[in-house]
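The block underneath contains the structure these notes are about, expressed in structure tokens.
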Amino acid sequence: MNYLSRLNNHPFVAQYSILRHDQKENTVLIKLRIELVDGSILHMKEYTDLYTRNYAFHWQQADDTWLVRWDNAHHFPKLASFPHYQHDYRTGEEIVNDSFDISLIEVLEYIDNLIAKPRK
């Protein structure tokens, strides 16, 4: 889970801030604010211990307009991918989609692909 070295070398990351990083013997809590080269912002929060991984990745425009969020909160138990979700706000309404246990690098690749190939 060496996020910082991956962020330092990622071509789509303009800069990032560590908002919180608490690490004990078997637990890690990290919160990052990542500015991307297109001006959008990705907020990341992840907690891990020996048995648990809770995460949220929230991508938004610079003006705070929500774009997409990924998390594993227990909000939608009827989805096949429970507890993993993608909340898509790009149409102006929230659309909740199935997702998977996604990582920061996978989220950055998803965003990079969207920016490189805009929706029509």
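Restricting attention to segment 54-105, which chymotrypsin sites (Phe, Trp or Tyr not before Pro) occupy a DSSP loop and are surrounded by at most 16 other Cβ atoms within 10 Å? Mind showing how you got there, number by number?
Numbers: sites: Tyr55, Phe57, Trp59, Trp66, Trp70, Tyr85, Tyr89, Phe100; in loops: Tyr89, Phe100.
Passing sites in segment 54-105 are Tyr89, Phe100.
How much length would be gained if the chain were fully extended between Gln60 and His43, taking 0.36 nm per residue of separation minus their Cα-Cα distance, in nm to one decimal?
Numbers: separation 17, 0.36 × 17 = 6.12 nm, distance 0.83 nm.
Contour length minus the Cα-Cα distance gives 5.3 nm.
Highest GNM mean-square fluctuation, the chain, Cα pairs closer than 10 Å: which of Asp64, Asp101, Asp88?
So, out of Asp64, Asp101, Asp88, the one fluctuating most is Asp64.
Tell me, what ³J(HN,Hα) does each residue in segment 42-55 have, in order and in whole Hz, if you take phi through Karplus 6.51 cos²θ - 1.76 cosθ + 1.60 with θ = phi - 60° and put x for Gly and Pro?
Couplings: 10, 9, 10, 9, 8, 10, 9, 9, 5, 10, 9, 9, 10, 9 Hz.
Give the cross-link partners of Lys78 among the aspartates and glutamates, using a straight C-alpha distance below 12 Å as the criterion and excluding same-chain residues fewer than 8 apart.
In chain and number order, the partners are Asp98.
May I ask you to list the aspartates and glutamates whose Cα is less than 19 Å away from that of Lys24, ignoring any residue fewer than eight positions away on the same chain?
The reachable aspartates and glutamates, counting only those whose Cα sits under 19 Å from Lys24, are Glu46, Asp49.
Semi-axes, largest first, in whole Å: what does sqrt of 5 times each Cα gyration tensor eigenvalue give for segment 50-104? Don't skip to the end; give the middle numbers.
Working: eigenvalues 87, 40, 11 Å².
Over the Cα atoms of segment 50-104, the ellipsoid semi-axes are 21, 14, 7 Å.
Considering the options Tyr51, Phe82, Val107, tell which one lies farthest towards the positive end of the dipole of segment 3-113, charges being +1 on Lys and Arg and -1 on Asp and Glu at the Cβ, about the Cα centre.
Tyr51
May I ask you to evaluate 6.51 cos²θ - 1.76 cosθ + 1.60, the Karplus curve with θ = phi - 60°, for each residue of segment 91-105 and list the ³J(HN,Hα) values in order in whole Hz, giving x for glycine and proline?
Running phi through 6.51 cos²θ - 1.76 cosθ + 1.60 with θ = phi - 60° gives 8, x, 10, 6, 10, 9, 10, 4, 9, 8, 5, 8, 9, 4, 5 Hz.
Quick one: P(r) of segment 1-93 from all Cα-Cα pairs, 10 Å bins, percents rounded to integers, in order of increasing distance.
Going from the shortest bin to the longest, the percentages are 15, 41, 34, 10, 0.
Quick check for me: using +1 on Lys/Arg Cβ and -1 on Asp/Glu Cβ, what's the dipole size of the chain about its Cα centre, in debye to the nearest 20? Walk me through the numbers on the way to the answer.
Working: 13 positive and 17 negative charges, 11 e Å.
Around 60 debye, computed over the chain.
Rule-based calculations on the coordinates, nothing more; no lab input. Just so we're clear, the structure is a prediction, and the values are computed from it rather than from any experiment. All Cβ positions, even for glycine, are placed from backbone atoms using ideal geometry, and neighbour counts span all protein chains on display.
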